[in-house]
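The values are calculated or read from the model by the stated rules, or taken from the named source; none is laboratory data. Because the structure is predicted, anything quoted here is derived from the model rather than measured. Glycine also receives a Cβ, built like all others from the backbone with ideal geometry; neighbour counts cover every protein chain displayed.
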There are 2 protein chains.
Amino acid sequence: MTFIEKLAKAWATSGSMLTVGLDPDPQRFPAELQGHPDAIFEFCRAIVDVTAQYACAIKPQIAYFSAERAEDQLEALCDYVREHHPDLPIILDAKRGDIGSTAQQYAREAFERYQADAVTVNPYMGSDSITPYLEWDDKGVIILCRTSNPGGSDLQFIESADGTPLYLRVAALAADRWNGNGQCALVVGATFPEEIAKVRARVADMPLLIPGIGAQGGDIPSTVKAGLDSQGTGMMINSSRAILYASTGDDWRVAAALAARQTRDAINAVR
Amino acid sequence: MTFIEKLAKAWATSGSMLTVGLDPDPQRFPAELQGHPDAIFEFCRAIVDVTAQYACAIKPQIAYFSAERAEDQLEALCDYVREHHPDLPIILDAKRGDIGSTAQQYAREAFERYQADAVTVNPYMGSDSITPYLEWDDKGVIILCRTSNPGGSDLQFIESADGTPLYLRVAALAADRWNGNGQCALVVGATFPEEIAKVRARVADMPLLIPGIGAQGGDIPSTVKAGLDSQGTGMMINSSRAILYASTGDDWRVAAALAARQTRDAINAVR
């Protein structure tokens with residue numbers, strides 16, 4: 001089953017467009033995990049177990065693992081998810097951006113080592129930074145388009161002579177040149193619903209990964225209205241810290257589950 | 001000593017603007033290292049030992065280590081270089097591109113875990129994807145500007161209404177907004193000498209990391225003429241495969257040293 005098929009199935013069976021972002025920061029872990037040798041794995045595993053039923057995907061952010069020398073715990077987490085939640089797509093958030101043989105190594109990292117279903121990539125280096133991932137024809141390639149941060153406008157809003165901003169040029173490249181095998185998705189931030197709508201209009205039913213709700217201030221109703229595809233789905237709406245650190249007390253698992261369920265419900269209230 | 005100071009010292013003492021790129025591909029290793037448990041470390045260590053005298057920096061490409069689960073060997077390599085070649089700057093080629101707390105984790109990966117002197121980063125997400133690295137005020141931040149690959153033109157050549165291509169907008173952001181503490185450098189490919197000259201004219205004496213000579217076809221004389229700064233230096237001209245795999249026979253160390261020396265000399269012949 002391809003990533004796109006797995007995602008469509010997850011949308012249907014979970015009834016959710018929530019993606020749970022795994023940004024494990026040991027300093028914010030609950031007391032029971034402080035000092036645990038595999039605290040990152042144990043924390044993420046527990047979060048996945050209690051939130052999986054409310055989610056269409058999980059998205060581990062590799063930077064948090066790499067900074068803690070915890071690649072082995074990320075491998076173990078991916079193994080655990082495949083075994084215990086086999087229908088839950090794993091998106092490796094790595095935002096890799098390189099070319100040729102180096103991009104091939106990054107693709108091996110994502111798809112062989114971690115066996116992720118999809119990986120996020122950066123388009124600044126152009127086509128030869130995207131195509132090496134597409135050779136893995138069952139995998140998803142999720143391309144940065146319009147990011148949710150304030151500085152995103154520094155480059156992405158630069159308009160060419162015909163008035164097209166850079167992020168829409170990226171959307172066009174994805175739709176017209178890189179999506180021949182239907183593997184692509186785009187990252188579009190929830191902090192800019194008007195731009196989500198413009199991207200959606202340009203890329204038809206291509207899935208959108210949407211960060212920026214919760215801590216970053218994106219509004220759920222306007223995001224969902226802007227991003228729905230023709231099937232009434234089409235989005236992976238990410239929430240990380242608002243779920244992971246909903247409580248740092250003994251009730252952290254229940255609090256995370258509740259936060260995930262509430263976010264799912266807030267998304268579905270608009271559909 | 002800051003990265004920029006260390007680099008200037010290396011230019012002066014080595015008389016070289018060659019950077020040796022470490023892209024270790026085990027399938028291309030010499031016979032004596034096949035099956036060695038730490039083959040990646042041993043290969044890279046030997047290459048550094050025989051080429052250090054001809055180089056102003058080394059640049060390990062992290063993708064090659066990550067794809068092989070060899071982060072520990074990259075750590076050991078960086079430790080070895082610091083101990084045995086303390087004046088040789090280590091550039092971690094990671095092309096990271098993320099924001100906020102995630103970028104902080106990538107900075108920790110580069111500057112705490114590997115203790116690199118500089119890291120390459122991707123500017124697509126704008127200022128808040130650059131500034132977290134700048135908080136490490138003795139470290140170098142080397143920003144992708146005009147890359148050496150054919151697809152680099154897909155985005156980097158897009159012109160805004162006033163005719164400025166995107167890569168020169170990045171150069172301007174680096175020079176005017178991100179270089180307040182003098183920590184920045186830019187990646188500009190050797191396959192485009194005219195564009196090296198335009199970047200050099202825009203950023204004064206900011207160092208340039210220049211990939212694309214050798215296997216990628218960049219011409220050394222035109223590259224050097226285009227990129228020299230007002231001090232007659234200013235470049236880290238990278239060569240990876242042409243040095244690493246100069247021979248796969250028993251003479252691989254000598255062949256790598258000769259290739260590095262010849263490249264240094266070819267660069268210096270133009271100065």
Run B:ALA161 past the list (1) free of Cβ contacts under 8 Å to residues at least 60 places away in the same chain; (2) more than 10 Å from chain A (Cβ to nearest Cβ) and report the number of the one that doesn't hold.
-> (2)
Expected output for region A:73-102 (first residue facing chain B (nearest Cβ under 8 Å), partner of a type outside the set (Gly, Ala, Ser) and assigned to a helix (DSSP H, G or I), Cβ below 6 Å, 6+ apart or cross-chain) is A:ARG96/A:TYR106; A:ILE99/A:ASP128
Leading residue by the ranking (surrounded by the fewest Cβ atoms within 10 Å (Cβ to Cβ)) among those in region A:115-138 that are more than 10 Å from every other protein chain (Cβ to nearest Cβ) and farther than 19 Å from A:ILE210 by Cα = A:ASP137
Single match in A:LEU209, A:LEU144, A:LEU173, A:LEU186 (criterion: buried (at least 21 other Cβ atoms within 10 Å of the Cβ), under 21 Å from A:ASP98 (Cβ atoms), out of contact with any strand residue (DSSP E or B) (no Cβ under 6 Å at 6 or more places or on another chain) and not polar (S, T, N, Q)) = A:LEU173
Residue count for region A:60-72, restricted to those that are more than 8 Å from every other protein chain (Cβ to nearest Cβ), touching a Phe, Trp or Tyr at 6+ places or on another chain (Cβ under 9 Å) and either of a type in the set (Gly, Ala, Ser) or over 20 Å from A:ASP138 (Cα atoms) (or both) | 3
Is it true that some residue in region B:239-259 is over 15 Å from the mean Cα position of the chain (by Cα) and under 15 Å from B:GLY15 (Cα atoms)?
-> no
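Considering A:LEU92, A:LEU88, which residue is farther than 25 Å from B:ALA70 by Cβ, among the aliphatic types (A, V, I, L, M) and crowded, with 18+ Cβ neighbours inside 10 Å? Show your work before the answer.
Details: A:LEU92 fails: farther than 25 Å from B:ALA70 by Cβ.
Selected residue: A:LEU88, the only one of A:LEU92, A:LEU88 that is farther than 25 Å from B:ALA70 by Cβ, among the aliphatic types (A, V, I, L, M) and crowded, with 18+ Cβ neighbours inside 10 Å.
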Failed condition for A:HIS36, given (1) farther than 21 Å from A:LEU258 by Cα; (2) without any contact (Cβ under 8 Å) to a residue 40 or more places away in the chain; (3) surrounded by 17 or more Cβ atoms within 10 Å (Cβ to Cβ); (4) not acidic (Asp, Glu), with all others met?
-> (3)
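Output the residues belonging to region B:40-59 that are touching a Phe, Trp or Tyr at 6+ places or on another chain (Cβ under 6 Å) and either at pLDDT below 95 or hydrophobic (A, V, I, L, M, F, W, C) (or both). I'd like the intermediate steps shown before the answer.
Applying the first criterion (touching a Phe, Trp or Tyr at 6+ places or on another chain (Cβ under 6 Å)) to region B:40-59 yields B:43, B:45, B:56.
The answer is B:PHE43, B:CYS56.
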